[in-house]
1. Which one of A23, F169, L60 has its Cα pushed farthest toward the positive end of the charge dipole of the chain, where Lys and Arg give +1 and Asp and Glu give -1 at the Cβ?
2. If the reach is capped at under 14 angstrom between alpha carbons, list the aspartates and glutamates near K44, excluding any in the same chain fewer than eight residues apart.
3. On the principal axes of its Cα set, how long, how wide and how thick is the stretch 152-210? Give whole Å, largest value first.
4. On the protein heavy atoms, probe 1.4 angstrom, tell me the percent of accessible surface of the stretch 97-210 carried by carbon and sulfur.
5. How big is the charge dipole of the chain about its Cα centre, in debye rounded to the nearest 20, if each Lys and Arg gets +1 on its Cβ and each Asp and Glu gets -1 on its Cβ?
6. Can you show me the helix-derived [θ] at 222 nm for the chain, built from DSSP H runs with n ≥ 4 at -39,500 (n - 2.57) apiece and divided by the number of residues, rounded to the nearest 500.
7. Taking the convex hull of the Cα atoms, report for the stretch 7-127 its projected area averaged over all directions, in nm².
8. Calculate I(q)/I(0) for the stretch 119-162 by the Debye formula, one identical point scatterer on each C-alpha and no solvent, and give its log10 at q = 0.19 Å⁻¹ to two decimals.
Amino acid sequence: MSEVVAIVTPVSRSPLTYAVGMAMHTYTVEARDRGISVVWVHTKHYGVAEARERGVEDALNLGATKVLFWDDDIVPDINPITAFVFARAPMACGIYYEKTLRGLSLYLKRGDKFINLKPKDVDRLAKRSFFFPVDVCGLGLAMIDADVFRRLPKPWFSMQYGMGEDFYFFLKVRQVLGLRPIVLPNVTARHILDSRFYLTAEGKYKMGNV
């Protein structure tokens, strides 16, 4: 059975920025050339948790075997569709620097605290094993098997308990299904700040078009 990847984007910009739209188009064409079916699902940003919930429902109705969350301010440096599909993991994450500037979109749980990873932490962990697990990753660039959603009770996403919808989702998956996401260190992305600046995966400010 060939993979059907649904790219789910909670849309807060209308339309998508040129850089994000072109990246989605280019990487979709490349993926289809390699036998991967791709559909796009843009959900209105009612609130990011609800938008992701509706997006996944639409993706499953379209027959998706995998759901790729790709936010409208993320520009991947390589094709995340093919990279994630060929990694063959139930949940896989890319890497981008958070707009808060606290660190990367990756977290490890230590007791009651979550440690925000830095680029040097990724370098260290990647030397041990190219794929490594984390407890939570940002859903700005992450692929989840459709079967995970079918096995996981709703709601899949929520802003409950003072945590983001990504924390809620991955902690629930860990508790109910015993799964953790893996990180693909080569799937890095630039995080658009506004029309003039973006953040590299190393946390550096850059000016100009991505």
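The values are calculated or read from the model by the stated rules, or taken from the named source; none is laboratory data. On a predicted model such as this, the values are computed, not experimentally measured, just so you know. All Cβ positions, glycine included, derive from the backbone under ideal geometry; neighbour counts span all protein chains shown. These accessible areas exclude ligands, DNA and RNA; they are computed on the full protein's heavy atoms, side chains included. Shrake-Rupley method; radii C 1.70, N 1.55, O 1.52, S 1.80 Å.
1. Projecting each Cα onto the dipole axis, the largest value belongs to F169.
2. Correct list for K44: E53, E57, D58, D71, D72.
3. Reported extents, whole Å, longest axis first: 43, 25, 15.
4. Working: 3100 of 6000 Å².
Carbon with sulfur: 52 percent of the solvent-accessible area.
5. Details: 28 positive and 22 negative charges, 129 e Å.
With Lys and Arg at +1 and Asp and Glu at -1, about 620 debye.
6. On the way: 6 runs with 67 residues, N = 210.
-9500 deg cm²/dmol, from helical runs alone.
7. Numbers: hull surface 36.0 nm².
Hull-based average projected area comes out at 9.0 nm².
8. The calculated log intensity ratios at q = 0.19 Å⁻¹ are -0.83.
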